[in-house]
Amino acid sequence: VCAYEPGAIVSDACASYSTLDDLNADLRPYIDSLTQKTDFFSYYRLNLYNKKCPFWSDDNDMCGNIACAVNTLENEEDIPLVWRAKELGKLQGPKAQHPGRKIQAERPSKPLQGELGADVGESCVVEYDDECDERDYCVPEDESASAKGDYVSLVDNPERYTGYMGVSAQQVWEAIYRENCFSTPQDPFSDTASEAAKQGSFGPSSPSGFSNPQQLHAAQDLRGVIKQHGLQQGMQQAIARGTPTRPLDDGLEFEDSCMEKRVFYRVVSGMHTSISAHICNEYLNRTTGEWVPNLQCYVNRLHTHPERISNLYFNYALLLRAAGKLRDLVPKYTFCSADPKQDAYTKELVVRLAQAIPPGSEIFDESVMFNGNGALGLKEDFRNRFRNISRIMDCVGCDKCRLWGKLQTAGYGTALKILFEFDEKNPSNNPPLRRHELVALVNTLGRVSNSLNAVKNFRDILAEQEHAK
Ligand code: FAD
């Protein structure tokens with residue numbers, strides 16, 4: 001009942017949260033050391049500035065400048081300059097240029113330490129361009145061929161509150177969720193969901209019949225449970241979660257439930273939850289200038305929306321399964337060809353991490369997905385929608401948010417690629433895994449691991465408050 005299968009609901013009720021929390025406590029030391037202490041995993045190459053938003057005019061993209069800050073914060077001009085949204089959203093720390101094709105052509109296989117520039121303190125970072133594979137789930141950063149992007153320090157640019165909000169942020173989230181609107185003829189439920197989401201119309205007379213998107217998605221989840229575990233349990237969960245049962249009573253066809261579409265939504269929502277958790281956990285107190293946890297922020301954005309937290313746990317299980325699938329691959333990987341000491345340290349941590357993850361499908365069973373009729377087309381659709389999300393990230397109007405948004409999309413893309421394109425038993429046909437994919441995967445796992453920890457801390461504070469009453 002409590003398996004972290006794509007169709008199952010990870011919930012408090014079946015103690016899955018505490019199982020994953022315990023696992024997270026064991027794995028965090030490896031994940032933290034990898035993301036904070038190794039050159040290989042703490043620098044990420046991306047094209048942060050040269051790509052235009054392909055979906056709408058950048059005129060709306062005003063949240064990286066003072067104008068947006070003035071719109072969204074009442075007394076922005078009273079705030080010291082360094083605490084204004086524009087400053088908070090800026091990237092910090094040294095950046096290094098991509099070495100360029102010419103140098104790469106001269107040294108095709110052996111990157112040398114220091115070639116990114118003597119004064120940037122980077123080593124073991126540079127990667128060499130190679131061609132994409134049609135099985136990738138993200139738009140590769142080197143798509144444009146002309147501008148390959150720069151290397152950015154992830155340690156110097158932590159994901160936290162930046163003040164980015166308002167029209168631009170809203171527009172990006174809306175566009176991302178719109179990608180969830182698959183429409184397959186055999187899934188009428190999904191069509192009404194798409195229609196409702198397109199029109200932004202949730203209300204008594206909306207096509208979906210739900211008063212808000214959360215209710216709709218909760219009901220979609222329930223259909224999965226019902227399909228797997230029977231109607232009675234599904235109804236029990238509905239009652240326990242306060243989810244309206246009316247659509248189920250309406251006699252909708254449960255059997256056409258499409259697990260893949262739910263998984264897509266949960267990945268996006270879980271990513272959103274993780275971003276919100278970081279914002280709330282490292283919130284700027286504008287009076288003291290300190291970065292502090294903001295309990296009210298957590299209550300408003302996450303605690304009162306248990307399905308969002310459930311999706312965070314879901315993503316953790318999914319990412320862990322993907323990382324665990326690499327357990328036989330990572331010992332053979334060269335992490336830093338120019339520095340054997342770093343290579344050994346990095347490799348030891350990655351191998352330990354991959355081996356500490358429960359093997360096989362114990363945590364997450366991807367084999368139940370993309371199996372039925374039309375699986376190939378659905379998979380292609382799934383992949384294209386994911387690529388679109390990665391393009392939408394170029395519309396994020398705050399540099400730091402765009403950095404982490406792009407990295408996490410690439411991280412989930414890599415996880416999906418490993419889950420659905422990698423064969424553990426017959427690895428010879430696996431697509432190549434590039435450096436930036438591995439860096440994105442491990443850092444995305446690091447983000448979710450951090451978010452779980454933050455959510456747990458917030459939960460504990462609330463429980464203490466409740467106890468003290
Ligand atoms: P938002 O978080 O903007 O949410 C919009 C709507 O989506 C909500 O009203 C709700 O209906 C729905 N929703 C919210 N959470 C979920 C969920 N988990 N699942 C499903 N639906 C949900 N701000 C920072 O301060 N630091 C950052 O690093 C940062 N990174 C960002 C990265 C990206 C890619 C984007 C698009 C925005 C980022 N932002 C960041 C902005 C931040 O996410 C919020 O948009 C902003 O704080 C305003 O929050 P809000 O409360 O209005 O709701």
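Note on the range 155-170: residues that are of a type in the set (A, V, I, L, M, F, W, C) and near the ligand (Cβ under 6 Å from one of its atoms) total 2. Entry remark, the range 371-386: residues being surrounded by fewer than 18 Cβ atoms within 10 Å (Cβ to Cβ) and either under 30 Å from Leu88 (Cβ atoms) or in contact (Cβ under 8 Å) with a residue 40 or more places away in the chain (or both) number 3 in total.
Residues in the range 286-303 that are without any contact (Cβ under 8 Å) to a residue 24 or more places away in the chain and closer than 15 Å to His272 by Cβ: Cys297, Asn300.
You will find that of Leu419, Leu462, the residue that is assigned to a helix (DSSP H, G or I), closer than 30 Å to Met165 by Cα and touching a residue at least 60 places away in the same chain (Cβ under 8 Å) is Leu462 and no other. Taking first residues from the range 392-412 that are among the charged types (D, E, K, R) and partners that are near the ligand (Cβ under 8 Å from one of its atoms), the Cβ contacts under 6 Å between residues at least 6 apart in sequence or on separate chains come to Asp399/Gly89; Lys400/Gly89; Lys400/Thr162; Arg402/Val396; Lys406/Met393. Checked against (1) farther than 14 Å from Tyr43 by Cα; (2) assigned to a helix (DSSP H, G or I); (3) within 10 Å of the ligand (Cβ to nearest atom), Leu403 passes all but condition (1).
Beta carbons closer than 9 Å, at least 6 apart along the sequence or on distinct chains, pair a first residue in the range 153-167 that is within 16 Å of Arg301 (Cβ to Cβ) with a second that is of a type in the set (Lys, Arg) for Glu159/Lys400; Glu159/Arg447; Arg160/Lys400; Thr162/Lys90; Thr162/Lys400; Gly163/Arg84; Gly163/Lys86; Tyr164/Lys400. Taking the criterion of being of a type outside the set (Lys, Arg), within 11 Å of the ligand (Cβ to nearest atom) and closer than 21 Å to Lys406 by Cα, would at least one residue in the range 300-313 satisfy it? Looking through the range 300-313, at least one residue is of a type outside the set (Lys, Arg), within 11 Å of the ligand (Cβ to nearest atom) and closer than 21 Å to Lys406 by Cα.
Is at least one residue of the range 341-364 in a loop (DSSP other than H, G, I, E, B), surrounded by fewer than 18 Cβ atoms within 10 Å (Cβ to Cβ), touching a residue at least 60 places away in the same chain (Cβ under 8 Å) and not β-branched (Val, Ile, Thr)? Yes, the range 341-364 contains at least one residue that is in a loop (DSSP other than H, G, I, E, B), surrounded by fewer than 18 Cβ atoms within 10 Å (Cβ to Cβ), touching a residue at least 60 places away in the same chain (Cβ under 8 Å) and not β-branched (Val, Ile, Thr). Note on the range 262-291: among residues that are within 11 Å of the ligand (Cβ to nearest atom) and among the hydrophobic types (A, V, I, L, M, F, W, C), the one that is surrounded by the most Cβ atoms within 10 Å (Cβ to Cβ) is Ala277. If you go through the range 414-430 and pick out every residue that is out of contact with any helix residue (DSSP H, G or I) (no Cβ under 6 Å at 6 or more places or on another chain), buried (at least 23 other Cβ atoms within 10 Å of the Cβ) and of a type outside the set (D, E, K, R), you end up with 1. Taken residue by residue, the range 115-137 has no member that is assigned to a loop (DSSP other than H, G, I, E, B), modelled with pLDDT of 75 or more and within 16 Å of the ligand (Cβ to nearest atom).
Exactly one residue among Val448, Val439 is within 24 Å of Asp26 (Cβ to Cβ), touching a Leu at 6+ places or on another chain (Cβ under 7 Å), among the aliphatic types (A, V, I, L, M) and not in a loop (DSSP other than H, G, I, E, B), and that residue is Val448. Restricting attention to the range 140-184, the residues being of a type outside the set (Gly, Ala, Ser), over 26 Å from Gly93 (Cα atoms) and either touching a Cys at 6+ places or on another chain (Cβ under 6 Å) or modelled with pLDDT under 90 (or both) number 8.
The values are calculated or read from the model by the stated rules, or taken from the named source; none is laboratory data. Being a predicted model, the structure only gives us computed values, none of them experimental. Positions of Cβ are generated from backbone atoms using ideal geometry, with glycine treated the same way; all protein chains shown enter the neighbour counts.
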